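The values are calculated or read from the model by the stated rules, or taken from the named source; none is laboratory data. Small disclaimer: the values here were computed from a predicted structure and weren't measured. Cβ placement follows ideal geometry from the backbone for every residue including glycine, while neighbour counts extend to all protein chains displayed. Side chains are part of the model used for accessible areas, which takes the heavy atoms of the whole protein and leaves out ligands, DNA and RNA. Shrake-Rupley method; radii C 1.70, N 1.55, O 1.52, S 1.80 Å.
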Amino acid sequence: MTASPPTPLLEVADLHVRIGGSHILQGIEFGVARDGVTALLGRNGVGKTTTLKAIMGLVRATGDISLDGTPINGTRTFSIVKHGVGYVPEDREVFGGLTVEENLRLAELGERGAHDDFVFGLFPELKKRSRQQAGTLSGGQQQMVALARVLINDHRLLLVDEPTKGLAPKVVGEVAEALRRAAEVATLVLVEQNIQIVRAIARDAIVLDHGQVVHTGSAAELLADEALTRRLLGVGRSEGAVA
Ligand SMILES: Nc1ncnc2c1ncn2[C@@H]1O[C@H](COP(=O)(O)OP(=O)(O)OP(=O)(O)O)[C@@H](O)[C@H]1O
């Protein structure tokens, strides 16, 4: 007897989002396998951020979203977080007036300090700066706080939106390494314009265009196909960022 394929951790079907008069997501459908990194790709404005927000219950959506077989669409955001979904938004949204430590403690859902070793092991810089106001950190350090705030919990699924956008090359490498290690303890859905990072850490790729899924499959196979990569993402495989 052959074993049936494992149920995806996250399943999205017939997902629609309308904002004002715009039909932004037009029947999105995909599954995310457990563990590792699934990259959510596409040119600017195709609906990647809206897809993550719909999963988090931050925009009104119709369709089916299930986590480990449990429907979550229509559920409030805090319940989705309690179901084990962590979200790192594109603009980071750290509390600038609070210290690094306070940002982490506010986000912590379980036992205080239980994940400190893991988080500070990933980001030793944050340990050194735990008493510094987060608003005075560099962009890269604020991105580390934003990632640390989800990694301080036992999330099953992490949705991370453009974590390396606007960061200096050295910090991009550090963030990429943190994402790779985070993917050892949780499943990651990563929106990322930097193709080199996708190539380095993503197993699967989902590509959107005009609010629809236009490609799913192995990230390595997609990026090895110069013509397909250029057609779907607008960049060559050796170039850096999606157009
Ligand atoms: N609140 C909103 N009101 C009106 N239009 C919106 C709103 N949010 C998103 N959109 C539009 O929906 C489309 C998809 O936006 P979204 O941010 O999801 O794209 P994206 O793929 O994440 O783009 P980017 O790579 O530029 O971040 C865009 O045309 C955007 O202008």
Check your understanding: For the range 72-156, what's the relative contact order in percent, using C-alpha pairs closer than 8 Å and at least 6 residues apart?
Key -> 45 percent
Check your understanding: Residue by residue through the range 85-93, which ³J(HN,Hα) values in whole Hz follow from phi under the Karplus form 6.51 cos²θ - 1.76 cosθ + 1.60 (θ = phi - 60°), with glycine and proline marked x?
Key -> 10, x, 10, 10, x, 4, 8, 6, 6
Check your understanding: Can you work out ³J(HN,Hα) from phi for every residue in the range 166-178, in order, using Karplus 6.51 cos²θ - 1.76 cosθ + 1.60 and θ = phi - 60°, giving whole Hz and x for Gly and Pro?
Key -> x, 9, 5, x, 5, 6, 4, x, 5, 5, 4, 5, 5
Revision key, fill the gap. For the range 145-243, Rg(Cα) over 2.2 N^0.38 Å is 1.08
Exercise for review: Could you list which residues have their amide H under 5 Å from that of residue 215, counting only those 5 or more apart in sequence or on another chain, with H placed in the peptide plane?
Suggested key: 207
Review point. Among 128/170; 53/127; 53/82; 128/165, which pairs are too far apart, with a Cα-Cα distance over 22 Å?
Key: 53/127; 128/165
Point to revise | J(HN,Hα) series, the range 154-164, from Karplus relation 6.51 cos²θ - 1.76 cosθ + 1.60, nearest Hz, glycine and proline x | key: 8, 6, 8, 9, 10, 10, 10, 9, 6, x, 9
Exercise for review: Identify which of 161, 35, 68 has the largest mean-square fluctuation in a Gaussian network model of the chain, with springs joining Cα atoms closer than 10 Å.
Suggested key: 68
Exercise for review: Scan the range 69-124 for trypsin sites (Lys or Arg not before Pro) in coil per DSSP, keeping those whose Cβ has at most 15 other Cβ atoms within 10 Å, and list them by number.
Suggested key: 76, 112
Revision key, fill the gap. Magnitude of the Cβ-charge dipole (Lys and Arg +1, Asp and Glu -1) of the range 1-138 about the Cα centre, nearest 20 debye, reported as 380 debye
Exercise for review: Sticking to Cα atoms, compute the Rg of the chain to one decimal and its Dmax as the biggest Cα-Cα distance, whole number, in Å.
Suggested key: 17.7, 59
Study note, to complete from the structure: Long-range amide H partners of residue 27, meaning residues 5 or more apart or on another chain whose placed amide H is closer than 5 Å, are 15, 16, 17
Practice item. Quick one: among 111, 221, 192, which has the greatest mean-square fluctuation in a GNM of the chain with alpha-carbon springs under 10 angstrom? Key: 111
Check your understanding: Under a 1.4 Å probe, what is the accessible area of the chain per residue, stated in Å²?
Key -> 47 Å²
Revision key, fill the gap. CD proxy, 222 nm, the chain: helix-only mean residue ellipticity via -39,500 (n - 2.57) per DSSP H run with n ≥ 4, per residue, nearest 500, stands at -9000 deg cm²/dmol
